[in-house]
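Below is one structure; the comments refer to it alone.
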């Protein structure tokens, strides 16, 4: 019994030593810098100004230490393509267990566009905390020159002739689904250019008659699947080549977009744009589709495909392009960088930025915008580094059709969940479905 008590006492001592050691370790690791956190924000509802040139930007510096901490707040303002405009450092003291709201000194923006505001908060012991936000100034005034080549229209006329010459050999297969589903489901297979088969999922209301239709087109590498949303809307969730169950042009990956980039007739996007027209042809071949009410909708790459489909085919009566790609390539490559372009240039030493942009100009939606006649709705993530807002607005600002956009202040290359519900409601409103 005595031995047992000794063991218990020893165990408690060891526990005490361990706890004391952990306290020392915690005290050592939780230095002043670990007790500081920052959040950068803009005192504006959507982070975009109209007919103004100053905006209130602030960083909240939270100090959970038991003593005052000295920090140095460095503010940088740059254009969205990284040209520096403003750089200043302000010393600040943050009281113990307090939050300091430190404002960026006054800066007056000189023109429309999107700008990066960066903050660095440096503690006395040298730790640096960083945050950044993009803000916009008069985005509807952003413009760059069109760069369509002289044979732009001829190129697309010939491409569409090539597409129309393909026998689509439609194959429609019913798919069993739960009886509670709002629609009947079919797998659709379509022959497209180069003998490839592209596929998608067609949802058809169970009640007979003609219905409005929605053509969904995919984002880069996205696999679109059925939505089962409404019992009065035909939805075709279509996957271009290299997407979903459609045939491949080679190994799938992030370098697909540079395939054939040295030749406009062989460029990857020529074929997937024509895949979308092939899908539209299928919808229009159906007796149950109301051909006066067909919408196209996609995000990212799909946003660009929505623009191009609406531009090349006036059977589209509503275009929804969210966070769109394929917009204003020169500006795009000033702002963003893809590793694949380095590899492509290395493999094609005869190519230059100039020659590459000449090819891309045939697929740049800004050069097609004047051809879109249906209403357009565009969604933007203000913090988007993948498809920067400025590039999207170049195309948007060349549209002469009815148009509207939404900007989400905190979103990056995405849209909030309620956005998608609102877009479906927009389709119903435009098509007078209720």
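Residues in region 321-361 that are outside any helix (DSSP H, G or I), modelled with pLDDT of 95 or more, within 22 Å of the chain's Cα centre (by Cα) and surrounded by fewer than 22 Cβ atoms within 10 Å (Cβ to Cβ): how many?
1
All but one of (1) free of Cβ contacts under 8 Å to residues at least 12 places away in the same chain; (2) crowded, with 19+ Cβ neighbours inside 10 Å hold for residue 408, so report the exception by its number.
(1)
Considering 369, 295, which residue is crowded, with 24+ Cβ neighbours inside 10 Å and under 30 Å from residue 410 (Cβ atoms)?
295
Tell me which of these residue 407 doesn't satisfy, since it passes every other one: (1) in contact with a helix residue (DSSP H, G or I) (Cβ under 8 Å, 6 or more places away or on another chain); (2) in a helix (DSSP H, G or I); (3) more than 30 Å from residue 289 (Cβ to Cβ).
With respect to (1) in contact with a helix residue (DSSP H, G or I) (Cβ under 8 Å, 6 or more places away or on another chain); (2) in a helix (DSSP H, G or I); (3) more than 30 Å from residue 289 (Cβ to Cβ), residue 407 is out only on (2).
Which condition number does residue 179 fail, the rest of (1) in contact (Cβ under 8 Å) with a residue 12 or more places away in the chain; (2) out of contact with any strand residue (DSSP E or B) (no Cβ under 9 Å at 6 or more places or on another chain) being met?
(1)
Provide a single number: the residues in region 127-151 that are in a strand (DSSP E or B) and over 14 Å from residue 80 (Cα atoms).
Residues that pass the stated criteria total 4.
Take the conditions more than 38 Å from the chain's Cα centre (by Cα) and at pLDDT 95 or above and apply them to residue 93. Does it pass?
For residue 93, the condition - more than 38 Å from the chain's Cα centre (by Cα) and at pLDDT 95 or above - is met.
Count, please, the residues in region 129-162 that happen to be under 26 Å from residue 42 (Cα atoms) and in contact with a helix residue (DSSP H, G or I) (Cβ under 9 Å, 6 or more places away or on another chain).
8
Out of (1) assigned to a loop (DSSP other than H, G, I, E, B); (2) at pLDDT 95 or above, what's the single condition that is false for residue 179?
Residue 179 satisfies all of (1) assigned to a loop (DSSP other than H, G, I, E, B); (2) at pLDDT 95 or above except (2).
The values are calculated or read from the model by the stated rules, or taken from the named source; none is laboratory data. Just so it is clear, the structure is predicted and the values come from calculations on it, not from any experiment. We place every Cβ from the backbone using ideal geometry, glycine too, and count neighbours over all the protein chains shown.
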